[in-house]
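The values are calculated or read from the model by the stated rules, or taken from the named source; none is laboratory data. Since the structure is predicted, the reported quantities are computational estimates derived from the model, not experimental observations. Using ideal geometry, Cβ is built from the backbone for each residue, glycine included, and neighbour counts are taken over all protein chains shown. Only protein heavy atoms, including side chains, enter the accessible area calculation; ligands, DNA and RNA are left aside. Shrake-Rupley method; radii C 1.70, N 1.55, O 1.52, S 1.80 Å.
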Amino acid sequence: MFEEYDEYRNKIREFALKEFTEEMAAEYDRKEEYPDELRKKSLSLGIIDMQNPAKVMIAIEELCRVDAGLGIAVTTPYFGSEVIMLFGNDRQKEILQDVYKGKYILGLAVTEPSGGSDVAGLKTTAMKQGNKYILNGSKMFITNGAIADYLVVLARTSEDPNPHHGLSTFLVNTKSKGFNANKLVDKLGVRATNTAELQFNNIELNEDDLIGEEGKGFYYIMMFFNISRIYVAAQSLGIAIGALDRIKSYIKENDIKDEDSMFRLSDVGTHIEATRQMTYNAASYLFEFKPKPELTSMAKAYGSETAVYAAESAMEMLGDKSLYEDVQRIFRNAKIMEIWEGTSEIEKLVIARYILKGE
Amino acid sequence: MKEENNILKETVAEFCDKNLDEKKIESEGITHGITELLASQGFLGATIPGKYSGSELDNTSYEIILEEIAKNSPSVAMKIFILNSLYYPSVKGTSAETTLSDAASGKLNVAVDFINRANDIKENAGKLSGTLINVLGSDAEKIILFNENTSIISGPFGYSDRDFMGFRGIKFGDITLDNTATVLDSKNRKGEILEASYGPLSAIALGMISGALQKAIDYTSVRKAFGNYLKDFEPISFRLAQFRSTESVLRSALYGEADPYYVFNLAMESIVEIARYSVNAHGGYGYFQDFGVEKFYRDAIVMKSIFYGNQELRKLAEHVYSEKINFV
Ligand SMILES: Cc1cc2nc3c(=O)[nH]c(=O)nc-3n(C[C@H](O)[C@H](O)[C@H](O)COP(=O)(O)OP(=O)(O)OC[C@H]3O[C@@H](n4cnc5c(N)ncnc54)[C@H](O)[C@@H]3O)c2cc1C
């Protein structure tokens, strides 16, 4: 599947191997800073093509294979763009074009301090007053939160008895009065990405800041997750292959032949192949506009477990050698896969619901 | 557990609550002040003989100290372990034995190196040169080198910190030997020293399991999702309950009659999974240092990577078969 992109894949791999040097990956990991120069470079070289989701998926996989911290940093400035692409108005789509050109950085803010799994339980409000919406509340763990120019924000616009019905999405300019971002530090991994806590204090939003229709926000975000979870599965796939690359070279360099190591190698390889098949399969439905959320959630949940399993295997197999190699960074990066864009537990709830719904 | 052991357990727990600020230890390292406190309590030289100002405690007491401290700070527990389970047996009966007084009183920092090989070091008229990469323990005056031989190297050394993921309190760093360091003693003792460490290492692992798990149990008792406490969701509370069973059985085994090989095996086979799931139960908060749970996951995998590999599994299998096995 997706063999037609092999040439593109090679180009991305070359870019990652050339630009994501060990020194650079270690430096941004240590400093916990966003590598903006790398973002600009990746754009100027046409590494990211947001018009083609298959290319995005492949780029994510190949970049994360070399280093997930830098790989995600380079591919995440567009986070949330699909919501605008699918439901946004002309003005918002113009802003999106500037995001694609690298003029602006975007982010998507759903999670709140009181909860991320229960999306419909969120507390941020954007109540209508005259022809304005007044945004109040706070968001937690928002990627790009402190560096974004615009954020897609999910907020409650009415107290509908069905909690899913009263939510709407807005495109919020981070220069708005009443916006405050506080960068969160000391993450376990993906430390080249920016994560922030946000406060919205009586931010005035215009009607044309509303994305799509009022009251449909929950459904837009769930649709977005159908896409973004494929990308997380691709991040996981990349991380797992990266871990396998390290295991393979360690085995070869040290002429390791024992069966215990061979069996572990084979288990990691099998998990990776299953993840690849599941991810590409779910992606091919999605890219033909026939998303199958259960397949997406399976790929995301299984893929993230694979990333963690492969990373832990690399640590254990390289033993004390893993400690001063990039392997320990792979290990720290991998764990986020099981948390963001819906934890594994949330994916399992989605999967179970669809299985029961099916024939 | 005997009454006096319970008293010791409570004393150590109280000491940790009062004196060990784990977040600070993770970011600033184990300060001299903490080392002095550990020494004054007799924890630092737990098993070191009284004639060297050590506490000369029995194994159970030593393991209780390690477990209780590791619940709070795996780094501090590891520091005590290095002095008592690695340094003490390495210098015992050698000319370096007298340095144990400094070790027990907190005046001697010891680093351990499992990674570098003998040919990373050059010797010239008794003086050493070379670089040792990623040595566990910073600002050391002595290094125990576990390679082909077990060597004690005496400083001064050059030292530079490395970014490192596990046991941040004692840090990993690169040590340069600049024609000033000397070998104090060198014998092949690695096997016997590490084997005798199974109990103490299991005690640290148990403390880490217990510390991580307690955080997850506490968090899932107060955090809500979908209007329910996290503990109300079966997959969460069932899993945490299952881990508590493992923890409890492990503790009984460690302080009971169980074979240290099996205790160590159980500890190493469960520690990473329990620490990982404890992070999970915290959702996004678990991914940040502030919540004090991700460190258990980092420390767990580092511990497993250093102390539990193919060699240990081979030893375990031979222990079970009671004979040397010709592994293919
Ligand atoms: C580095 C980082 C970057 C992030 N970036 C973004 C971002 O850009 N935008 C954004 O909106 N969010 C972002 N997030 C937030 C992330 O999506 C949430 O952390 C995640 O969805 C979990 O929410 P929570 O942290 O509130 O955990 P909770 O919802 O409180 O869940 C805690 C635990 O309970 C489990 N749980 C919850 N409900 C159930 C149930 N019914 N059954 C069984 N188990 C359950 C969860 O799986 C989890 O293990 C980011 C998080 C991190 C750490």
Fill in the blank from the handout: Checked pairs for the range B:300-315, first over 17 Å from B:Ile209 (Cβ atoms) and more than 7 Å from chain A (Cβ to nearest Cβ), second of a type in the set (Ser, Thr, Tyr) and in a helix (DSSP H, G or I), C-beta under 8 Å and 6 or more apart or across chains, list as B:Lys315/B:Tyr261
Exercise for the section: State yes or no: is B:Glu234 within 12 Å of the ligand (Cβ to nearest atom) and more than 24 Å from A:Lys187 (Cα to Cα)? Expected result: yes
Exercise for the section: Look through A:Arg276, A:Arg332 and report the one residue that is in contact with a Leu (Cβ under 8 Å, 6 or more places away or on another chain), surrounded by fewer than 22 Cβ atoms within 10 Å (Cβ to Cβ) and either more than 11 Å from chain B (Cβ to nearest Cβ) or of a type in the set (Lys, Arg) (or both). Expected result: A:Arg276
Fill in the blank from the handout: Taking the range B:277-294 and the residues there that are more than 7 Å from chain A (Cβ to nearest Cβ) and assigned to a helix (DSSP H, G or I), the one that is nearest to A:Arg329 (Cα to Cα) would be B:Gly286
Exercise for the section: Might you check whether a residue that is on the phi < 0 side of the Ramachandran plot and in contact with a Pro (Cβ under 6 Å, 6 or more places away or on another chain) occurs anywhere in the range A:81-98? Expected result: no
Completion exercise
If we keep only residues of the range A:169-208 that are within 14 Å of another protein chain (Cβ to nearest Cβ) and of a type in the set (D, E, K, R), then the residue most open to solvent (accessible area, probe 1.4 Å) is A:Lys183
Handout entry: helices (runs of 4 or more DSSP H) within the range A:44-100 that include 1 or more residues buried (at least 22 other Cβ atoms within 10 Å of the Cβ) and touching a strand residue (DSSP E or B) at 6+ places or on another chain (Cβ under 7 Å)
Key = A:81-87
Handout entry: Only one of B:Glu269, B:Glu273 that is within 10 Å of chain A (Cβ to nearest Cβ) and within 25 Å of A:Asp320 (Cβ to Cβ)
Key = B:Glu273
Problem - Those residues of the range B:206-260 which are among the charged types (D, E, K, R), open to solvent by 60 Å² or more (accessible area, probe 1.4 Å) and in a helix (DSSP H, G or I), in sequence order - result: B:Lys215, B:Asp218, B:Lys231, B:Asp232, B:Glu234, B:Arg239, B:Arg244
Handout entry: the range A:118-138, residues that are part of a loop (DSSP other than H, G, I, E, B) and either in contact with a Ser or Thr (Cβ under 6 Å, 6 or more places away or on another chain) or away from the ligand (no atom under 16 Å from the Cβ) (or both)
Key = A:Gly130, A:Asn131
Completion exercise
For the range A:339-359, pairs from a residue that is within 11 Å of another protein chain (Cβ to nearest Cβ) and closer than 16 Å to B:Pro235 by Cβ to a residue that is near the ligand (Cβ under 9 Å from one of its atoms) and not in a helix (DSSP H, G or I), with Cβ under 7 Å and 6 or more apart or across chains, are A:Thr343/A:Ser117; A:Ile346/A:Ser117
Handout entry: Of residues in the range A:149-168 being free of Cβ contacts under 8 Å to residues at least 40 places away in the same chain and open to solvent by 40 Å² or more (accessible area, probe 1.4 Å), the one farthest from A:Ile84 (Cα to Cα)
Key = A:Pro161
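Would you kindly identify the strands (runs of 3 or more DSSP E) lying entirely within the range B:61-156 that contain at least 1 residues that are acidic (Asp, Glu)? Spell out how you get there, then give the answer.
Numbers: elements: B:110-113, B:121-124, B:127-136, B:142-146, B:150-154.
Per the criteria, B:110-113, B:121-124.
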Handout entry: Residue list for the range B:158-181, restricted to those being outside any strand (DSSP E or B) and either surrounded by fewer than 24 Cβ atoms within 10 Å (Cβ to Cβ) or within 12 Å of another protein chain (Cβ to nearest Cβ) (or both)
Key = B:Arg162, B:Asp163, B:Phe164, B:Met165, B:Gly166, B:Phe167, B:Arg168, B:Lys171
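Only residues that are charged (D, E, K, R), at the interface with another protein chain (Cβ under 9 Å from one of its Cβ atoms) and surrounded by 14 or more Cβ atoms within 10 Å (Cβ to Cβ): list them for the range A:259-270, please.
A:Asp260
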